[in-house]
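The values are calculated or read from the model by the stated rules, or taken from the named source; none is laboratory data. All figures in this text were calculated on a predicted structure; none of them were measured in a lab. Virtual Cβ from ideal backbone geometry, glycine too; neighbours counted across all protein chains shown.
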Amino acid sequence: MTDHPFQVLVVDDDVRVAQINAAYVEKVPGFHVAAQAHSSAEALARVADGPVDLILLDHYLPDQNGLALVRELRRLGHQSDVIMVTAARDVATVQAAMRHGALQYLVKPFNFAGLRTKLEAYAELRRTLDGGGEAEQAEVDRIFGALSMTSEPDLPKGHSPTTAELVRQVLLAADGPVSAQEIAERAGVSRQTAQRYLKLLERAGRVRLTLKYGETGRPEHRYAWTSAPRP
């Protein structure tokens with residue numbers, strides 16, 4: 001861990017939710033809540049006041065959404081890292097967050113353990129990046145996958161952490177179990193690719209497979225994300 005705790009800005013339009021998230025952050029060693037903000041304007045003002053390492057950012061803000069805030073921060077030259085912490089579950093928002101450089105996307109509601117895992121992964125990522133030097137391909141792959149596949153087993157050769165994360169986010173955003181075809185369409189990948197990653201995640205105990213029987217009598221495979229891996 002660095003000599004000084006990571007300074008975190010908690011941004012949420014709901015004051016009570018911001019307080020709860022801030023309390024979670026303070027329970028994780030190496031992190032300190034520098035401030036709370038309840039609008040985009042407040043967040044911009046706080047970042048301008050002094051360095052912020054990490055922003056826990058809600059998407060739904062009263063003056064502009066979280067992704068617009070990220071764009072404005074980058075335009076102004078602020079390089080604070082961002083983890084989206086929001087109830088926005090649509091895949092378009094998830095994909096946009098990835099494209100805007102959000103390191104992770106945590107869907108509400110979540111518990112302390114869920115946020116702690118993300119923060120600890122962030123601390124590990126920062127330790128690696130702050131070390132400087134050059135990185136071989138294996139190290140680069142580990143850096144890019146550090147937050148996306150936290151606590152998952154190493155991916156087999158030929159599997160992309162980015163694609164695995166996209167499939168995971170589609171499952172998290174779904175209202176219930178979904179088919180491989182639905183996942184493929186929402187993730188923007190082929191059905192074959194979706195099935196390959198679903199099998200991998202199912203073997204790791206991260207995806208629960210159920211069968212849905214229709215009028216034809218043939219069962220349809222349906223998939224749902226499960227937070228706890230198999231022991």
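Remarks
- Set 16, 75: member being farther than 28 Å from residue 128 by Cβ, basic (Lys, Arg) and surrounded by fewer than 14 Cβ atoms within 10 Å (Cβ to Cβ): 16
- Taking the criterion of being among the β-branched types (Val, Ile, Thr) and either surrounded by fewer than 19 Cβ atoms within 10 Å (Cβ to Cβ) or in contact with a Gly (Cβ under 8 Å, 6 or more places away or on another chain) (or both), the residues of the stretch 78-88 that qualify are 82, 86.
- Per-region count, the stretch 210-231, residues at pLDDT 85 or above and farther than 22 Å from residue 114 by Cα: 5
- Unique match (being more than 19 Å from residue 105 (Cα to Cα), touching an Asp or Glu at 6+ places or on another chain (Cβ under 8 Å) and without any contact (Cβ under 8 Å) to a residue 60 or more places away in the chain) among 48, 18, 41: 41
- Within the stretch 94-103, being hydrophobic (A, V, I, L, M, F, W, C) and either assigned to a helix (DSSP H, G or I) or buried (at least 20 other Cβ atoms within 10 Å of the Cβ) (or both) holds for 94, 96, 97, 98, 102.
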